[in-house]
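The values are calculated or read from the model by the stated rules, or taken from the named source; none is laboratory data. Remember, predicted model here, so these are calculated numbers, not experimental data. Backbone-built Cβ (ideal geometry, glycine too); neighbour counts: all protein chains shown.
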There are 2 protein chains.
Amino acid sequence: MQRICVDMDEVMADTLAEHLRRYNETFDESVSVDELTGKALWEVTPADRQAQLRAFLDAEDFFEDLALMPGAQEVLKHLTQRFDVYIATQAMTVPNSLGPKYRWLQRHFPFIPPTNYVFCGNKCILRADYLIDDLPRNLQRFEGKGLLYSAPHNLAATGYTRVNNWQDVADFFAKVKA
Amino acid sequence: MQRICVDMDEVMADTLAEHLRRYNETFDESVSVDELTGKALWEVTPADRQAQLRAFLDAEDFFEDLALMPGAQEVLKHLTQRFDVYIATQAMTVPNSLGPKYRWLQRHFPFIPPTNYVFCGNKCILRADYLIDDLPRNLQRFEGKGLLYSAPHNLAATGYTRVNNWQDVADFFAKVKA
């Protein structure tokens with residue numbers, strides 16, 4: 001059975017929406033997703049707020065209640081019937097996210113066993129046929145076939161097989177022989 | 001640069017010693033390591049104590065202060081100069097171990113960056129040239145070259161390249177072209 005690794009932040013979970021919500025609330029701003037095309041939040045905010053931007057991620061509750069990306073549950077449930085699905089998330093730069101990410105996955109994706117979770121840093125370590133990820137550098141390090149999941153920051157990236165949403169993921173794998 | 005994955009429990013950390021210490025203290029017993037040749041602790045203890053045996057591992061502090069296996073620090077420090085060293089530990093069956101394991105690694109192995117930690121379940125997911133592990137089933141699932149790190153429970157296992165201690169690990173890799 002072929003193996004698919006799936007990134008969490010901005011692929012399964014809408015991490016950016018929560019980051020933006022906390023930023024706007026704290027600084028009484030109204031930065032929208034539309035302003036982030038081709039850019040990370042770090043790049044459109046003042047230098048003296050970078051420490052706070054990082055602190056939002058380090059908060060114990062940040063990763064606890066992230067919204068689901070539309071269709072992620074349904075499509076992944078379907079894919080687990082034909083593929084060996086692993087969750088591969090970069091958790092090591094934010095150690096406070098370890099527990100919350102584990103609980104979030106159990107709550108929203110009970111059909112994927114915890115033995116298929118991989119909390120890692122450098123994704124070169126993954127042995128899989130496919131990786132769905134929003135970060136071009138993760139796909140570059142991965143030795144299998146990468147699928148770039150569209151996010152505002154990566155909209156200008158070229159040279160990748162791109163999926164814009166979970167329906168695109170479903171369509172891609174419908175054509176793959178498991 | 002070739003990549004080595006290293007298991008934590010019973011390879012870098014003396015998990016068994018702490019498990020045994022808590023068991024003996026709680027039940028006023030004196031089970032020794034010598035009695036565990038070819039067997040796991042679960043197999044030599046009464047059925048009505050299995051839940052407590054598991055509860056020891058789930059305790060928030062269990063993985064926080066494990067003793068180091070002799071030589072692990074020195075040999076790994078040396079190996080990081082010639083190899084790409086990753087820590088690959090099965091943490092997902094004991095979610096309370098995630099934070100403690102992270103802190104333990106940072107404290108005792110500061111020369112290995114957190115981006116090289118992999119907290120996983122099934123070790124088939126690892127893409128590496130070597131895996132040092134005390135569990136035969138982990139080596140069976142791994143696609144690179146496995147080294148069985150001797151532990152009481154695996155002393156009867158055959159068909160593996162065995163390392164009895166960290167000096168054996170150093171000797172093995174001294175002969176490997178990095």
Would you mention how many residues in the range A:84-94 are hydrophobic (A, V, I, L, M, F, W, C) and more than 9 Å from chain B (Cβ to nearest Cβ)?
3
Quick one: which of A:Pro100, A:Pro95, A:Pro152 is under 29 Å from A:Leu36 (Cα atoms), in contact with a Leu (Cβ under 7 Å, 6 or more places away or on another chain) and outside the structural domain of A:Ala40 (by TED's automatic domain parsing)?
A:Pro152
Name the residue that is nearest to the other protein chains (Cβ to nearest Cβ), counting only residues in the range B:117-147 that are out of contact with any Leu (no Cβ under 8 Å at 6 or more places or on another chain) and under 19 Å from A:Tyr102 (Cα atoms).
B:Gly121
Restricting to the range B:95-116, give me the number of residues that are more than 10 Å from chain A (Cβ to nearest Cβ) and without any contact (Cβ under 8 Å) to a residue 40 or more places away in the chain.
4
Tabulated pairs, the range B:5-27, first under 23 Å from B:Val118 (Cα atoms) and not assigned by TED's automatic domain parsing to the domain that holds B:Pro152, second among the hydroxyl-bearing types (Ser, Thr, Tyr) and part of a helix (DSSP H, G or I), C-beta under 8 angstrom, 6+ apart or interchain:
none
Answer yes if at least one residue in the range A:110-130 is aliphatic (A, V, I, L, M), modelled with pLDDT of 95 or more, surrounded by fewer than 19 Cβ atoms within 10 Å (Cβ to Cβ) and in a helix (DSSP H, G or I), and no otherwise.
no
Which of the helices (runs of 4 or more DSSP H) found entirely inside the range A:1-101 contain at least 3 residues meeting this: surrounded by 15 or more Cβ atoms within 10 Å (Cβ to Cβ) and in contact with an Asp or Glu (Cβ under 7 Å, 6 or more places away or on another chain)?
A:15-27
Would you tally the residues in the range B:53-110 being aliphatic (A, V, I, L, M) and on the phi > 0 side of the Ramachandran plot?
0
Give just the number: which of (1) touching a residue at least 60 places away in the same chain (Cβ under 8 Å); (2) away from chain B (no Cβ under 14 Å) does A:Phe56 not satisfy?
(1)
Being farther than 14 Å from A:Val118 by Cα and β-branched (Val, Ile, Thr) is the filter here, so list the residues in the range A:52-92 that pass it.
A:Val75, A:Thr80
